[in-house]
Structures are given as C-alpha cells and as structure tokens.
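Below is one structure, written out as structure tokens; comments come after it.
The values are calculated or read from the model by the stated rules, or taken from the named source; none is laboratory data. Keep in mind it's a predicted model, so treat the numbers as computed, not measured. For neighbour counting, all protein chains shown are included, and Cβ atoms are generated from backbone atoms with ideal geometry for every residue, glycine included.
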Amino acid sequence: MDTLTNEERDKLQAHQPGYGSRSATEVAFNLVNATVGAGIIGLPYALYHAGFFGGLGLSVFVSLASQVGLYMLIVAGQRVGIYKFATLVEYVLGRPGFHFLNAMILTQAGGACLSYVILIGDTLPVLLGLYLPQYPSLSDRSGVLIFISIFLIFPLNLFRSIGALARWSIISVLCLPIIILTLLIRAPVYSPSHAAELTLVGPDMFGAIAIMAFGFACSQVAFNNFLALKEQTSRSWTLAIIISAIISYLMSMSFAIIGYLSFGKDVQPNLFLNFPADDAVINVGRFALGFSMILTVPMGFYVCRDAIQKSLGFETPEKQPTNYQHYGTTIALSVLITVLGIYIRSVGKVYSLIGGVASTTLTYILPAATYLATRSVRGHLRDEAKQGLLQNSVRSYNSTGESSTHSNGDNQPPVVIEEEPVVIDLDDGAPCWYLDLTAGLLVIWGLVVMFFATKSVLTQP
C-alpha cells in the first residue's frame, strides 16, 4: 500500500477531498471552536437588544439557518467538484465574486482574530498583574500579547490544514463550561442591583441578529473541515454539523441568558467588564476565556491566510502556495494581527458591524446563492469530478503490486493509507423543492439583516 508523510497529507488535505483523517466528532469540535469564539461575549448584549423572549426565539432561528447554510455550501461544492469557498463563488459569480468573497472573508476572519487578541489582552495581563505583582512586566499588555503571539499562537498557525487543530479545539471547547460555571456562580451575586426585564421585543432587533450571526458563523471554515473528515459523506458531515450545533447553541445561549439575567439593561458588550477586577471566581473564568482565545485565534487565522493567498495568486485550483509563500504570509499576517491587537482595545461595535455585513453574507447569502446556482448541474459533471478524485487517489501501486513510499527527507513518520479508498460521497445533488425554497428565503433574510443592522450601527452615536 502507498504511504504519505505527515506534511504530504497535510498539504493534500488542505485543498482536495480524499485525504481526510478526522472523525465526525473531531471535526464537530473544530466547528464548535470556530463558532464559539469572541462572539459569545457579546450574546448577553444581543439578548438585551432583541428582548429576552424574542432573542431566545431569534437565537434558535439564527443557529438553524447557519447550519443549513453549512450543509448547502458543501452540497453546492459536491455538485461541481469544487472544494474551496472562493473557487466555488468564482464559478458561480465570476472573478468579481471571487474578490468580493475574499473581502468578506478578510472582514469576518480578520475581525474575529483581532477580537480574540483584544480579549486576550483584556484578560491575561490583568490577571498576571493582580496575582503576580512582584513581576511588573507581566502586567504590561503589549509585552504579554507579543509573548503569547510568538510562543503560543504562532506555532499553531504554521500548519496548512485546519485538521491539525482538532485536538487543540477540544481543549479550547472544554474551557467554555468553566467560563459558564464561574458566571453561574457569581453573576447572581450582582444581579439584585440590576434590573432584567423579560421583554418580548427589545430596542434593536436587527442589531441583535447581526451579533448572533457573528456568534454562530463558521461557514468560512466549512470546506476546510469537510476535507478533514476521514469519511467525506453526507451522513458524516451532517453528524458533525448536528453535534457542533447542539454544543455551540447550549454553551453560547447559557452564557447569554446568565449574563442578561444578571445585569439586564446594564450589560456591556464584553460581559466580563461588568464584574470587578478582584473577584477571584470570575478571574478563573477570565483566565479560561483568555486561554480559550489563544487556541481559537488559529481557527480564524487559517481562513484569513487562505483569502490573502488567493488574492495574491499564491493559491489557485492548479497550485498550492510554496513553503516560502506559506510561511511568509503566516509571519506577516501574525505580526499584523498582533500589532492591531496591541493598539485597538474596543470590541463594542465590531460585533454588529462584522455580523451585519460579513457574517450574514458568508453564512446566509453566499451559501444559499451557490446552492441555487448549481441546482441545474447535471450528472456528467459530477461523474467527471468523481473520476478525477479516483485518478488522484494516493493508492498508486506499481506493476509488481507493491506500493511506493513518499518521503520528503525530513524523517517524519509516514502515514499509511488504508488499502480501501477513503469514502468520498459525491451525491447527485438533485434539486429539492423545499431546500430550494429555503435557500431563496436565506438570501432574502441575509439581505434584510445586512441592511437594517448596518443602518443601526452607522446611526448610533
């Protein structure tokens, strides 16, 4: 049987199907890690603006719509044999669509990474200064961010495939119950001094929807995670989506409900700012949040880097970035995000603006539009795509029936490919009237939310 090195598998898994190595559960935790990031901190604020009961109803709808968009995006890619978001949008909308998508991805993923870094800077230096006052340098926000970025975040950014982050994502997700538990314990202590009305409709429904869209969005990593699946079937992908959706929703909305009921109309976009700096229990949650954000930055970073590499022409359907291009882009982008995180400290309106513009486009409009645009693709194109995958299979036996071994001279242990080919489910993607109708409604929904949410942000003082 044929063998691949870890680096070869990483490269192949990053851009084409058939080389995945992760279970549906591992991919689900990757999706949870990409979903439950900095946006979770703003959900109590969103619940206030939407109204408590109205916000709960909207949160269910926004979560379900986001998962439907994930499913539609992969089906659209399967129909035409394209497994890159940018390439798929270019296929549907032409070159202008390609550049438009990259701009949206840069806005969404870059803004997310920046918000993660800001939250790290708002939590860990404060804690280090409070509990280790004998080391003044540990309370320096800039110094701590530089150290964390270089020695903790940067090594995780070096891989090509997002599948390499699966186990780190599990650790990051396990921090979230700690965060919620600390809030559950301490938030009621402060709630008597704050009024939390259980209203049906709040003062800014569409602004709240935009924040929720940002909080539940992860379509920009859909293909990366689908390609990481060992069994790339509709069943495995659906299972990963369902597991991710349940975990993400329960964690996110538990956080939102506890935060709102404790602080009501006084709740701030960053919930931890409602608590005093010397609350020991809350500081455990602050530390868990900062540590979780360290492991979450790479989830947005990979997507941001891919968008830049595509815009610069480093990555095309025919080629992948060279090592110099890959590492050069990684270093430059890491430095840029770190510098911006040092000098920008507010995450206030970023949730609504990114959610209203980028998240709605990436989560609702483009997945639904690509699904509708590829609905008439006929079977021969799918058959050609499937045949191409089989021809590119890593099982390349020689005439004697023995396998050849790939090696890049770096002494990495080889990865053995099973004799049976990896399952690649290229569904025939036959049009389905209720999914077509749902896709049309998602496009309309996304445009309405984008218009009113952006208007709300721009008219605020």
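Meeting the requirement of 1 or more residues that are within 19 Å of ARG141 (Cβ to Cβ), the helices (runs of 4 or more DSSP H) wholly within the range 280-382 are 280-311, 323-343, 350-354. Against the list (1) at pLDDT 90 or above; (2) among the charged types (D, E, K, R); (3) more than 24 Å from LEU158 (Cβ to Cβ), the condition ARG305 fails is (3).
Within the range 54-86, being surrounded by fewer than 24 Cβ atoms within 10 Å (Cβ to Cβ), touching a Ser or Thr at 6+ places or on another chain (Cβ under 7 Å) and over 19 Å from THR361 (Cα atoms) holds for one residue alone: VAL80.
Here's the yes/no breakdown for (1) of a type in the set (D, E, K, R); (2) over 30 Å from PRO367 (Cα atoms); (3) in contact (Cβ under 8 Å) with a residue 40 or more places away in the chain:
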| site | (1), (2), (3) |
| --- | --- |
| ARG95 | yes, no, no |
| PHE100 | no, no, no |
| THR107 | no, no, yes |
| VAL126 | no, yes, yes |
| PRO136 | no, yes, no |
| SER149 | no, yes, yes |
| LEU152 | no, yes, yes |
| LEU156 | no, no, yes |
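Within the range 88-107, the only residue that satisfies the criterion of being surrounded by fewer than 20 Cβ atoms within 10 Å (Cβ to Cβ) and of a type in the set (S, T, N, Q) is THR107.
The sole residue among ILE185, ILE178 that is under 24 Å from the mean Cα position of the chain (by Cα) and part of a helix (DSSP H, G or I) is ILE178.
Output the number of the condition that ILE241 fails; it satisfies all remaining conditions of (1) surrounded by fewer than 22 Cβ atoms within 10 Å (Cβ to Cβ); (2) farther than 21 Å from ALA307 by Cβ; (3) of a type outside the set (S, T, N, Q). In the conditions (1) surrounded by fewer than 22 Cβ atoms within 10 Å (Cβ to Cβ); (2) farther than 21 Å from ALA307 by Cβ; (3) of a type outside the set (S, T, N, Q), ILE241 misses (1) alone. Consider the range 189-234 and keep the residues that are outside any helix (DSSP H, G or I) and touching a strand residue (DSSP E or B) at 6+ places or on another chain (Cβ under 7 Å). The one that is nearest to GLY300 (Cα to Cα) is LEU229. Only one of the numbered conditions (1) under 16 Å from LEU128 (Cβ atoms); (2) surrounded by 24 or more Cβ atoms within 10 Å (Cβ to Cβ) is violated by PHE272, and that is (2).
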